[in-house]
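Each remark here refers to the structure printed beneath this line.
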Amino acid sequence: MDTKKQRAPVGRGAGDTAVCSDGTDLTTPAPEGVQECEASGLAARLAFGVPNELRELKGWLLWKRGQVKRGGKFDKVPYYALGGKRFGTQGGPEDRKRLVSFDEALPRLREGGYDGLGLAMLGQGVVSLDFDGCCDGAGIIAPWVLDLCCDTYAEISPSGTGIRAFYRGTFPDRKNHEAGIETFCRKGFVTVTGARLNGCDLAELPDAVASELARRLGPDKPRTDSAEVVSKACARDPTLARLNERGLVLRSMGGGKFDITCPWEADHSTPGGAGDTVYFAAHTGGYASGNFDCKHSHCAERTQAEFRQALGLGAHRAQAPTGDSPPIESEWLETGLDPDDPPIEGYAQCPEAQRGPPFDDPKSHANASDLIDAATLWAMNHGSVKWAVVQLLPEGVLLLAGKPKVKKSWLMLSVALAVASGGMALGKLPTVQGDVLYLALEDNKRRLTKRLRLLTKDPPPKRLEFATEWPRVADGGIERLESWLKAHPHARLIVVDTLARIRPQHAKRTDSAYTTDYEAVKGFIDLCKSYSISVVIVCHTRKMESDDPIDLISGTLGLTGGVDGYMLLTKLPMSVG
C-alpha cells in the first residue's frame with residue numbers, strides 16, 4: 001500500500017468496510033497464519049498488528065484494569081514486565097531501567113494476569129494521538145479522525161469507542177476533554193491493542209496534521225500552578241462554594257484540586273481514604289465545568305449533574321471574568337455534563353427558566369422516574385454504545401437466524417472465544433474483551449469439548465463460561481441471567497443457543513402469537529438496557545422463501561420487532577464462486 005499519497009477517508013457504518021475515497025480498504029484482515037499461531041487472542045493480535053518501529057522501542061510495560069469510573073470507563077494501572085507497579089519519576093533512571101522491549105513484554109502477557117500492553121512515552125521521537133468517543137453508536141468513525149490518521153499506524157482502543165494513532169516526530173503533551181483529544185510524547189503511557197484500523201506503518205507527523213490538532217486542542221490553557229489564576233477560578237465556582245458551606249472540603253491539594261467528603265459516603269462499602277474523592281474547581285485542571293471524581297465503586301456511574309444535584313445545585317452559570325481578571329476560559333457556562341464524555345456537537349445551554357426545580361425541592365420527586373422534559377433529554381449525554389465485536393455486535397439483542405446445519409453454533413462459538421480472549425473475531429474484527437456466557441442448550445459437554453479443541457490449540461480463556469441447561473424465560477431464566485451478570489461486572493456477551501430451548505414452553509390462552517413471540521425476547525431487552533451488554537439469540541428460518549429478509553425468520557413480527565436487530569446466515573448458491 002502506498003502510504004504517501006493523499007487520501008480522503010470517509011466514515012463507516014455497521015456492517016460496512018472503511019474505505020478511502022480512492023478505494024483503499026482501511027480494514028486490514030488478520031495476517032495469514034494467525035489461526036496457527038501459538039499465541040492466541042490478544043497476544044496474537046499484538047504480535048501481528050504492532051509495527052516494528054514501535055516494537056523496537058524500549059518502553060514497554062503491562063497494565064491491569066483498575067477502578068471502574070463513570071460511564072463504564074476504568075483506570076489502567078501500569079506494571080513493569082519484571083514485576084510490580086510502575087513507580088517513581090516517569091522517565092527517570094530507575095524507571096527506564098525497568099522498562100523492556102516489546103518482545104520481552106509479550107511473553108509476560110501470554111502468562112496471564114494482565115489485561116494488555118502499554119508503551120511509556122519518553123520523548124523517543126514518537127507521538128501518540130488519542131481520540132476518545134469518536135466511534136458512535138452506529139459504528140461510524142468520525143471522518144475528521146480518519147483524516148488525521150489514515151496515513152500512519154492507527155488502532156482501535158480497548159474500549160472499542162476510541163482511536164489511537166502513532167506518528168514519528170514531536171508534539172506537546174496536551175489534553176482537551178471537551179474535544180475528546182489527548183496527545184502523548186514525553187510523559188504518561190498509552191495502551192496498545194494491535195487492532196489495526198489500516199495497513200500503514202508509522203509516518204512522519206505532517207505539518208497539516210499538527211496544525212489541525214493544534215486548532216482542535218485550542219490555545220494552551222494558563223498553568224494551574226499560577227496562584228492568582230487558581231484563586232480567582234475557585235472564587236467563581238458555585239459548586240466549590242456549596243462544598244465549603246456544607247463542610248465537605250477536607251483540604252486543598254493544589255492547582256484547584258480539593259480532597260472532599262463524598263456526598264454518598266454513607267453508601268460506600270469501604271471506608272474512605274485521603275484523596276479517594278476529589279473535586280477540581282471549574283476552569284482548573286483542564287475542566288471547564290469542574291470535575292467530581294470518586295474512586296469508590298458505588299459512585300462509578302455517577303455523573304457530574306448527579307453530583308451537583310446531590311449538593312442542591314442545578315446547572316449553574318459560572319461568573320464571567322471582568323476587568324483585569326485573567327481570561328482563563330472562553331466558555332463560561334456550566335453544562336452539567338461529564339467532561340470525560342464525548343462532546344455533543346452543537347450543544348447549547350438550556351435557559352435557566354426551562355429547567356426543573358432544584359433536586360432538593362420535594363415537588364421534583366413526584367413521578368421523577370416516569371417523566372422527563374424534552375430540553376433535559378436533549379441535553380443528556382449517554383456516552384457511546386458499547387461493543388462486543390466492533391462493527392458487528394453492539395449492545396442490545398440480536399437474532400442470528402439460519403437453516404439447520406449451516407454452522408450457526410460454530411460461528412457464535414468462535415465469536416465467543418474471540419470476545420473472551422480479546423482476539424479478532426472472524427479473523428479481522430476487533431473485539432472488546434470481557435466475560436462471556438454461552439448457553440449451549442442443544443449441546444452436551446462432550447460435543448463442546450470437541451469443538452473447542454478444533455477451534456483453538458491453546459487452553460481457552462476462563463472468561464468464557466458454558467451452560468447446557470438453563471431455566472426457561474417463564475421459569476426464572478431471566479432472573480438467573482441477571483444473577484450471572486451481577487457476578488460478572490465486566491460481562492460483554494451472552495449467547496443463547498437456541499431460542500426454542502429457552503422461550504416459554506406454553507403460551508397463555510389469552511395471548512396472540514405476536515404477543516407470545518414478543519414476550520419471549522422482552523426479558524433480554526430489559527437486561528441489555530440495565531447492563532449494556534450484547535445478547536445474541538440463535539433461531540431458525542422458515543422453509544418458504546421470501547424477498548424480504550425479515551419474513552425468512554421463523555415466527556411472527558413480534559419476534560423481529562421485539563429485538564434490536566437480526567442477522568441471517570445463509571449458504572451461497574452452488575453457482576457462486
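Scanning the range 98-138 for residues that are charged (D, E, K, R), surrounded by fewer than 19 Cβ atoms within 10 Å (Cβ to Cβ) and modelled with pLDDT under 90 gives R110, E111, D136.
Picking from residues in the range 461-503 that are in contact with a Pro (Cβ under 7 Å, 6 or more places away or on another chain) and touching a residue at least 12 places away in the same chain (Cβ under 8 Å), the one that is nearest to G41 (Cα to Cα) is G477. Restricted to the range 96-215, the set of strands (runs of 3 or more DSSP E) holding at least 3 residues that are over 30 Å from P460 (Cα atoms) and in contact (Cβ under 8 Å) with a residue 24 or more places away in the chain comprises 126-131, 163-168, 174-176, 181-184.
A search for C-beta distances below 9 Å between a residue of the range 504-520 that is surrounded by 13 or more Cβ atoms within 10 Å (Cβ to Cβ) and any residue that is at pLDDT below 75 and among the basic types (K, R), counting only pairs 6+ apart in sequence or on different chains, returns T515/K508; T516/K508; E519/K508. The set of residues in the range 150-186 that are among the polar types (S, T, N, Q) and over 28 Å from A288 (Cβ atoms) contains only T152. Selection of the range 70-119 for residues being farther than 21 Å from E155 by Cβ and among the small types (G, A, S) yields G71, G83, G84, G88, G91, G92, G112, G113. Would you mind stating whether K486 is at pLDDT below 90 and within 25 Å of the chain's Cα centre (by Cα)? Taking the combined requirement at face value, the residue does not satisfy it.
Can you tell which of R223, R168 is surrounded by fewer than 17 Cβ atoms within 10 Å (Cβ to Cβ), at pLDDT below 90 and in contact with a helix residue (DSSP H, G or I) (Cβ under 9 Å, 6 or more places away or on another chain)? Don't jump to the end; show me each part of the working.
Details: R168 fails: at pLDDT below 90.
Step by step, each of R223, R168 is checked, and only R223 is surrounded by fewer than 17 Cβ atoms within 10 Å (Cβ to Cβ), at pLDDT below 90 and in contact with a helix residue (DSSP H, G or I) (Cβ under 9 Å, 6 or more places away or on another chain).
Does C150 qualify as being over 30 Å from L426 (Cα atoms) and over 21 Å from the mean Cα position of the chain (by Cα)? No: the conditions fail for C150. Which count do you get for residues in the range 192-219 that are closer than 30 Å to G41 by Cβ and among the acidic types (D, E)? Number satisfying all stated conditions: 1.
Would you tally the residues in the range 293-303 being modelled with pLDDT of 80 or more and more than 19 Å from the chain's Cα centre (by Cα)? Please lay out each step first, then the result.
Within the range 293-303, the subset modelled with pLDDT of 80 or more is 293-294.
Okay, now just the ones that are also more than 19 Å from the chain's Cα centre (by Cα), so 294.
Number of matching residues: 1.
The values are calculated or read from the model by the stated rules, or taken from the named source; none is laboratory data. Since we're looking at a predicted model, the values are computed, not measured. FYI the Cβ positions are ideal-geometry reconstructions off the backbone, even for glycines, and counts take in every protein chain you see.
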